[in-house]
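> Sharing a structure, written as structure tokens. Questions coming.
The values are calculated or read from the model by the stated rules, or taken from the named source; none is laboratory data. This one's a predicted model, so the numbers in the text were calculated from it and none came from an experiment. Cβ coordinates were reconstructed from backbone atoms using ideal geometry, including for glycine residues, and neighbour counts include every protein chain displayed. Accessible surface areas use protein heavy atoms only, side chains included; no ligands, DNA or RNA. Shrake-Rupley method; radii C 1.70, N 1.55, O 1.52, S 1.80 Å.
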Amino acid sequence: MQKQRLKKEEYIGKGKHLNVARRYAKTFPLHAHDYFELEIILEGRGIHQLNGTEYPLKRGCIYIISPADFHKVTVQEPLLLWNITFDESLLSSAQMQALLLKKESCCLLTEQVLQKLDTASGLLLQEYCSGTHIQPLMDYILSLILEDTPPVNELSTVRKAMLFAQTH
């Protein structure tokens, strides 16, 4: 199976930095992209394969894919989710490092955090359509995710260089 590399211009839009959608997921083959992808599972079941490791998907699961990752999604029961794709311009250097140092690539959130993320994602969609307040909402969403998952050790210089090269 050939791996695909999806391009920002095609999936986010030329000259854009973000795309937000609440949708049902389809089974998607192994691929990577030159942007970040955040998915918040609201209902359904499936399997998420990330860099060769499989994670079960169900309500409350969340995952963030960096440009350095390969993943695929297999739907077992219809998966309703928030899909937020964005480029590195919406991340501070601290957020970028925190995302890359996350211990778990796919984790299960508490119902309380999931409800906050669902509400914030809905607001982000509204603001995305009007073109305002995007950055504060992204900061809030990322802070909820990052404070709910512990980091791993320091990111190596080689990994930082690889991520930069893959993103640019």
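> Where residues in the stretch 62-78 are closer than 24 Å to Ser143 by Cα and part of a strand (DSSP E or B), which of them is most open to solvent (accessible area, probe 1.4 Å)?
Ile64
> Let me ask another. Quick check on the stretch 137-154: of everything there that is in a loop (DSSP other than H, G, I, E, B) and surrounded by 14 or more Cβ atoms within 10 Å (Cβ to Cβ), which residue is modelled with the lowest pLDDT?
Thr149
> Report the residue count in the stretch 1-59 for those that are more than 21 Å from Val113 (Cα to Cα), of a type outside the set (S, T, N, Q) and not in a strand (DSSP E or B).
Qualifying residue count, the stretch 1-59: 17.
> Looking at the stretch 82-101, can you tell me whether even one residue there is open to solvent by 20 Å² or more (accessible area, probe 1.4 Å), closer than 21 Å to Arg23 by Cα, out of contact with any Leu (no Cβ under 8 Å at 6 or more places or on another chain) and not β-branched (Val, Ile, Thr)?
no
> In the stretch 10-61, which residues are touching a residue at least 40 places away in the same chain (Cβ under 8 Å), surrounded by fewer than 16 Cβ atoms within 10 Å (Cβ to Cβ) and in contact with a His (Cβ under 9 Å, 6 or more places away or on another chain)?
Answer for the stretch 10-61, where residues must be touching a residue at least 40 places away in the same chain (Cβ under 8 Å), surrounded by fewer than 16 Cβ atoms within 10 Å (Cβ to Cβ) and in contact with a His (Cβ under 9 Å, 6 or more places away or on another chain): Tyr11, Phe28, Leu30, Asn51.
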